[in-house]
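Chemist: Below you'll find the structure I mean.
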Amino acid sequence: MKRTGRRRSSVWDCFEQVGASNFVRCMKCDGRLKYSGGGTSSTMAHMTRNHICVSPLDEEEKPVICTVQCIEEEGTCSSDVAQLAVMSPNINMAATPPERDNGERKRQKRSSVWDIFIKVDDEVHCTMCDTKLKYRSSTTSMMYHIKNKHSDNAPNDGASLATHAEVTELISRMIEKDLFPISVVHGEGFRDLLAHTVHNYKMPSSGDIARTIEGHFQAKAEELVVQLGKVEKVALTADFWTALPFQRYVTVSCSFITEDWQGRSAVLQTHKLPTCHPTTDSMTERLHGTVQAWGIAGKITACVHNNTESILSAQARARVSWDYATCFATTLQLAVTEGLSEDLVRIVAAAGRLVRHFSQNSLASEALEQKQVQMCLPQHKLIKSRKARWDTICDMFERLLEQRWAIKAVLSDRTVTNRQEAQALEIEDDCWQIIQNFTPVLATLKWATTVISAETEVSISNIYPITFSLIQTHLVPKENDVEQVSDFKLKVQKSLRIQMEVNSSELASKPALIASMLDPRHKHLSFLTPTGRLAAKVKLHELVSKLGSISSTVGTKDEQQEIPVTPDISQVAMPSQVKNETKNTMMLLLGDNYSSPYATDSEAQVDYYLRDIAPSLDINPLDWWRVNGPRFPTLATLARHYLCVPSVSLPSLLSDAGQTFATMRTRLSPEHVNMMIFVNRNS
């Protein structure tokens with residue numbers, strides 16, 4: 001076709017018009033296109049999609065938007081209409097971005113990555129190095145490729161990658177979350193990784209990272225100071241731990257209950273202790289310093305710790321205004337350790353060797369899996385026990401009992417285990433009997449630890465109910481117990497009696513027992529003797545009297561928070577004259593407040609609270625107090641003071657995640673350990 005007024009387009013080197021019709025034919029593939037109004041956009045798009053290597057280019061051709069309809073040679077192609085845009089005439093047509101569906105809104109700005117990439121089906125190809133990438137409507141991967149492989153040609157159209165400041169912030173957050181030593185930024189492998197992923201990134205020094213983390217530390221510390229200023233009472237925990245080589249620390253944390261009855265906890269400070277054994281005075285001074293630094297002097301209810309040797313002396317008690325309590329998990333650990341006789345230790349060691357054999361010997365492990373299938377046993381792996389956690393002995397024994405006959409079958413198979421190995425690993429039948437008798441006892445102690453260590457619920461109020469249940473029920477020897485298990489029960493029972501002071505005359509003053517009375521689930525104290533219950537009730541009355549939050553003078557009902565206790569029977573129908581005369585006479589004799597349906601003093605609150613029906617064991621006491629606090633305002637204040645005390649020094653350490661944290665914190669340097677643990681635990 002002859003064109004006038006414009007330079008002839010080079011697409012006509014590849015296309016020819018079909019007679020006098022409105023169609024053109026591609027001389028490369030015989031494809032037919034509808035030809036509308038003299039525009040060549042459709043023909044150029046066809047060449048770009050199907051014949052990239054010979055795509056024509058007209059330097060001065062203006063952008064044109066036109067509508068085309070593709071007709072295959074057989075005439076059976078779909079009649080879908082596509083809107084195509086020819087971008088700037090001074091770039092290669094191969095850089096045209098992918099087509100958009102009909103009706104989709106055109107982007108206001110075309111990404112410059114299409115100057116280097118072309119789309120082929122669901123992939124994009126780099127025209128500079130022929131790299132192929134998957135295309136999912138985002139140009140991020142292409143931008144990364146260009147910046148890392150072709151930085152000299154990197155486009156700058158405002159859609160940049162993360163800034164260097166953002167990368168530095170992310171590195172700081174990673175170090176905080178995973179408790180890496182700050183010196184990790186000097187690692188050669190770490191630098192190589194960043195050099196490969198972030199173009200031209202200047203690695204910050206350890207000092208720069210430390211200053212960034214210190215900024216996070218200061219921000220979190222300011223938030224915590226504001227929180228602590230709003231609470232009436234807090235409880236402290238002192239967690240003693242050791243890092244290698246021979247570095248000893250104590251991490252001081254606090255727990256409190258907010259106005260809306262939500263339990264909260266936060267790390268306050270980590271102190272480095274002297275290499276030699278710290279004295280009572282030095283430990284007390286560190287606690288005092290932490291309390292003063294955070295402005296919580298006079299707010300401490302109790303301090304829970306896991307070190308029975310450092311801060312429980314009489315001198316330490318006299319120098320502080322709060323009570324001390326030993327971590328219940330530590331107490332139970334000591335009791336279990338004392339209860340293990342030589343026979344039980346030997347059986348635990350033999351079980352450990354057996355588990356280790358199957359974990360290290362691939363042939364034995366595969367044979368065990370086959371025996372499990374043949375015997376229709378659960379396909380579980382054996383579990384190793386860990387010295388730091390006695391509860392893993394229970395897990396190991398339970399799994400061995402489950403897989404006992406599969407294990408014996410493997411040890412009896414001489415193609416897998418030779419006779420000498422089998423004799424060394426085989427557990428005798430009487431030992432299996434001891435394991436079977438011993439495992440339920442360990443399981444009960446493990447359940448007790450799990451309940452006490454729960455982070456999401458109040459736990460201190462459970463200590464004495466569980467302790468007395470263990471002593472009075474679960475640790476009482478039975479007729480069918482083997483000698484070693486009976487001996488274990490008696491030793492653990494004795495240790496708990498001594499450590500928890502269950503026969504002490506001062507038991508009623510223990511924070512854990514006071515918390516049990518303030519927990520509506522345990523307020524009846526049925527595990528105590530009548531004398532013990534009376535002493536506890538007297539102590540609660542004493543605390544309520546000291547608190548003195550309610551005036552002894554009775555005001556109007558609207559001015560007081562009063563407690564409905566009985567229905568008002570004064571409304572019973574009776575002649576008005578008789579009623580008024582009787583009422584006036586009785587009020588004169590007995591007083592205005594005698595028949596009030598509300599308790600008007602703190603002493604009455606205690607009596608009505610104790611007579612109230614106890615809720616079920618599955619409720620959260622904080623939820624109960626949130627609802628019933630207005631009925632017992634003085635007791636609600638006491639409950640907020642005592643139920644915030646944790647039962648263990650650090651609950652999370654008894655979980656797998658907590659064990660991981662305990663391992664990671666040992667690699668921190670002394671100069672950064674306080675800051676790092678603070679930002680990690682308070683995140």
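The values are calculated or read from the model by the stated rules, or taken from the named source; none is laboratory data. Note that the structure is predicted; figures quoted are calculated from it, not measured. Cβ coordinates were reconstructed from backbone atoms using ideal geometry, including for glycine residues, and neighbour counts include every protein chain displayed. These area figures cover heavy atoms from the full protein model, side chains too; ligands, DNA and RNA do not enter into them. Shrake-Rupley method; radii C 1.70, N 1.55, O 1.52, S 1.80 Å.
Chemist: Rolling a 1.4 angstrom probe over the protein chains, ignoring ligands and nucleic acids, what is the accessible area of SER469 in square angstrom, nearest 10?
Modeler: Approximately 40 Å² for this residue.
Chemist: Round to the nearest 0.05 the FRET efficiency obtained for ARG667 and HIS150 when R0 = 45 Å and r is the Cβ-Cβ distance.
Modeler: So the FRET efficiency works out to roughly 0.70.
Chemist: How much accessible area does HIS288 have with a 1.4 Å probe, in Å² rounded to the nearest 10?
Modeler: Looks like 50 Å² after rounding.
Chemist: I'd like the FRET efficiency for ASP601 and ARG8, computed as 1/(1 + (r/R0)^6) with the beta carbon distance as r and R0 of 60 Å, rounded to 0.05.
Modeler: For R0 = 60 Å, the calculated efficiency reads 0.05.
Chemist: Based on Cβ point charges of +1 for Lys and Arg and -1 for Asp and Glu, what charge dipole magnitude is obtained for the range 347-445 about its Cα centre, in debye rounded to the nearest 20?
Modeler: 320 debye
Chemist: Continuing with this model, one more query. Starting from the 7 Å offset along Cα-to-Cβ, what nm value, one decimal, do you get for the label separation of ARG353 and THR258?
Modeler: Result: 5.6 nm between the two label points.
Chemist: Then there is this: Take the Cα gyration tensor of the range 492-533, multiply each eigenvalue by 5, square-root it, and list the three semi-axes largest first, rounded to whole angstrom.
Modeler: That gives 18, 11, 10 Å for the three semi-axes.
Chemist: I would also like to ask the following. Protein chains only, probe 1.4 Å: how do VAL124, VAL225 rank by accessible area, largest first?
Modeler: The most accessible residue leads, giving VAL225, VAL124.
Chemist: Under a plain spin-label model, where a point goes 7 Å from the Cα along Cα-to-Cβ, how far apart in nm are GLN659 and ASP623?
Modeler: Result: 3.1 nm between the two label points.
Chemist: So, one more: What's the extension gain from ASP30 to LEU193 if we count 0.36 nm per residue and subtract their Cα-Cα distance?
Modeler: 53.6 nm
Chemist: Report the equivalent ellipsoid semi-axes for the range 416-471 in whole Å, largest first, defined as the square roots of five times the eigenvalues of the gyration tensor built from alpha carbon atoms.
Modeler: 39, 14, 5
Chemist: Multiply the residue separation of ALA165 and MET375 by 0.36 nm, subtract the distance between their alpha-carbon atoms, and state the gained length in nm to one decimal.
Modeler: Length gained between ALA165 and MET375: 69.6 nm.
Chemist: Round to the nearest 0.05 the FRET efficiency obtained for ALA443 and SER205 when R0 = 30 Å and r is the Cβ-Cβ distance.
Modeler: Taking R0 as 30 Å, the efficiency between ALA443 and SER205 is 0.05.
Chemist: Here's something else I'd like to know. Quick check: from the Cα gyration tensor, does the range 366-492 come out rounded (a/c under 1.5), prolate or oblate?
Modeler: Prolate shape, in that a/c is at least 1.5 and a/b is the bigger ratio.
Chemist: From zero up to wherever the largest Cα-Cα distance of the range 171-300 sits, split into 5 Å bins and tell me the percent of pairs in each.
Modeler: Pair shares across the bins are 2, 8, 15, 16, 15, 15, 12, 8, 6, 4, 1.
Chemist: Here is a further query. Might you work out the accessible area of GLU398 for me, using a 1.4 Å probe with all protein chains in place, and round it to the nearest 10 Å²?
Modeler: 90 Å²
Chemist: How do ILE460, ILE498 stack up against each other in accessible area, from largest to smallest, with a 1.4 angstrom probe?
Modeler: Sorted descending by solvent-accessible area, the residues read ILE498, ILE460.
Chemist: Ok, one more. If you roll a 1.4 Å probe over the heavy atoms of the protein chains, what accessible area per residue do you get for the range 366-434, in Å²?
Modeler: 59 Å²
Chemist: So which trypsin sites (Lys or Arg not before Pro) in the range 242-303 are both in a DSSP loop and have at most 11 other Cβ atoms within 10 Å of their Cβ?
Modeler: The qualifying sites: there are none.
Chemist: What is the spin-label model distance, in nm, from SER526 to THR450 if the labels are put 7 Å beyond Cα along the C-beta direction?
Modeler: Each label point lies 7 Å from its Cα, and together they span 2.3 nm.
Chemist: Continuing with this model, one more query. Compare TYR201, TYR249, TYR144 by solvent-accessible area with a 1.4 Å probe and give them largest first, with all protein chains kept in place.
Modeler: Largest to smallest exposure gives the sequence TYR144, TYR201, TYR249.
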